[in-house]
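Notes follow the structure.
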Amino acid sequence: MDYQIHSTGSDLRVMLHGRLTFAENGRFRSMLSKLKDSTATKVILDLGDVEFIDSAGLGMLLYTRDAMHRRQGVVVLDAATGQVDRMLDLTRMRDLFGA
């Protein structure tokens, strides 16, 4: 997994690329640390370039949501396609994230 973080005013857009699996846990936590250091109140996770997500990857999304909620922030999931989109639908994950 690779990522790029772009600031859009008070929001952050995180462009995720590759696979979001347990093997990417360390890299994901590094990205999350950067989010926690910011003052952003809204994080948009752009999943358009994520080709695969497993249950650990879904857990990482939830962990991000919980971390932002603790600081009164919100996480929005955006642009999911293919297998990632199907997993978000199957697990009803979109119901747990901001709009």
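Could you work out [θ]222 nm for the chain from helices alone, using -39500 (n - 2.57) per DSSP H run of at least four and dividing by all its residues? Round to the nearest 500 deg cm²/dmol.
That comes out to -12000 deg cm²/dmol.
Subtracting the Cα-Cα distance of LYS36 and GLN83 from 0.36 nm times their residue separation leaves 14.1 nm of extension gain. Computed with a 1.4 Å probe on the full set of protein chains, the accessible area for ILE5 sits at about 60 Å². Here's the picture: charge each Lys and Arg Cβ at +1 and each Asp and Glu Cβ at -1 in the chain, and of LEU16, ALA79, MET31 the one pushed furthest to the positive end of that dipole is MET31. For segment 1-98, the share of alpha carbon pairs falling in successive 5 Å distance bins from zero is 3, 14, 28, 28, 19, 8, 1 percent.
Most fluctuating residue of ASP37, ASP66, ASP89 in a GNM of the chain with Cα springs under 10 Å: which is it? Judging by the Gaussian network model, the answer is ASP37.
Across segment 57-64, computed HN-Hα scalar couplings (Karplus, 6.51 cos²θ - 1.76 cosθ + 1.60, θ = phi - 60°) run x, 4, x, 5, 4, 5, 4, 4 Hz from first to last residue, x flagging Gly and Pro.
Dipole size of the chain about its Cα centre, with +1 on Lys/Arg Cβ and -1 on Asp/Glu Cβ: approximately 400 debye, rounded to the nearest 20.
The values are calculated or read from the model by the stated rules, or taken from the named source; none is laboratory data. Worth saying up front: this structure is predicted, and the values here are computed from it rather than measured. Cβ atoms come from the backbone with ideal geometry, glycine included; neighbour counts cover every protein chain shown. With ligands, DNA and RNA removed, areas are computed over all heavy atoms of the protein, side chains included. Shrake-Rupley method; radii C 1.70, N 1.55, O 1.52, S 1.80 Å.
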